[in-house]
Amino acid sequence: MPDEPPTALAPVGETSPDAFEREYMRGEGAVLYRDKMVAGRKTNAVLALVTALLAFKAISTGALGSLVVGLPLLAAAWVLLGVLRVTVSERTVDVKLGLLGPTIPMEGIESAMAIDYRFGGIGGWGVRRGPEGWMYGILGDSRRAVKIRWRDERGRTRVTYVGTRTAEALAAAIDRGRRALPAGPEPRALEGA
């Protein structure tokens, strides 16, 4: 049976943010892009199978203590791997895989481009550290991502990869947000020239 595809939210105006987004992903200004990918049947089936095997082994061997440790860890993995949300507003890009992910200030973004990725390189599911930066992805992103190069508040260059089936739309929304930033102060003219 094929995996149920993750659901991507329609463009802003056709959907509204869910309770999690309203609470934890409060971008500044108008929302330019919203995407929500939910783990499909395969991911849920694998996690349910692992949970069932853990419970069976613990009960059959009498090691019920492993359930006390194992079940909360599996529940946390389920929460952390189950939903990937991305919101682009006029001032920020919010990325949340479960409860984890950065809020990237729009003025710090140097570039955003849609890419194909290799599973063994930066790719994979969950939160992963690659050679350049962090990857946030779940099963169903079609090995597509947006590579966001940005500077943090200390001026350090960061790279964040966001797995998404709508990579071109996400990169375009980030570019729209960058272009909409207010212009910086005008350089002063040389005096006495």
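The values are calculated or read from the model by the stated rules, or taken from the named source; none is laboratory data. These figures come from a predicted structure and were not determined experimentally. Backbone-built Cβ (ideal geometry, glycine too); neighbour counts: all protein chains shown.
Quick notes on this structure:
- Residue satisfying all of: in segment 18-38; part of a loop (DSSP other than H, G, I, E, B) and modelled with pLDDT of 75 or more; farthest from the chain's Cα centre (by Cα) among these: Ala30
- The lone criterion from (1) under 18 Å from the mean Cα position of the chain (by Cα); (2) surrounded by 13 or more Cβ atoms within 10 Å (Cβ to Cβ) left unmet by Asp116 is number (2).
- Among the candidates Lys147, Lys96, residue that is modelled with pLDDT of 95 or more and among the charged types (D, E, K, R): Lys147
- Cβ-Cβ under 7 Å pairs, at least 6 apart or on other chains, segment 88-103 side touching a residue at least 12 places away in the same chain (Cβ under 8 Å), far side of a type in the set (Lys, Arg): Lys96/Arg85
- Against the conditions (1) in contact with a helix residue (DSSP H, G or I) (Cβ under 7 Å, 6 or more places away or on another chain); (2) surrounded by fewer than 17 Cβ atoms within 10 Å (Cβ to Cβ); (3) hydroxyl-bearing (Ser, Thr, Tyr), Thr92 satisfies every one except (2).
- In the set (1) surrounded by fewer than 13 Cβ atoms within 10 Å (Cβ to Cβ); (2) at pLDDT 80 or above; (3) touching a helix residue (DSSP H, G or I) at 6+ places or on another chain (Cβ under 9 Å), the condition left unmet by Ser60 is number (3).
- Residue check for Glu168: free of Cβ contacts under 8 Å to residues at least 60 places away in the same chain, acidic (Asp, Glu) and within 15 Å of Val86 (Cα to Cα): yes
- Residue match in segment 83-98 (condition: assigned to a loop (DSSP other than H, G, I, E, B) and among the basic types (Lys, Arg)): yes
- Those strands (runs of 3 or more DSSP E) lying entirely in segment 124-183 with at least 3 residues in contact with a strand residue (DSSP E or B) (Cβ under 8 Å, 6 or more places away or on another chain) and over 19 Å from Pro105 (Cα atoms): 126-129
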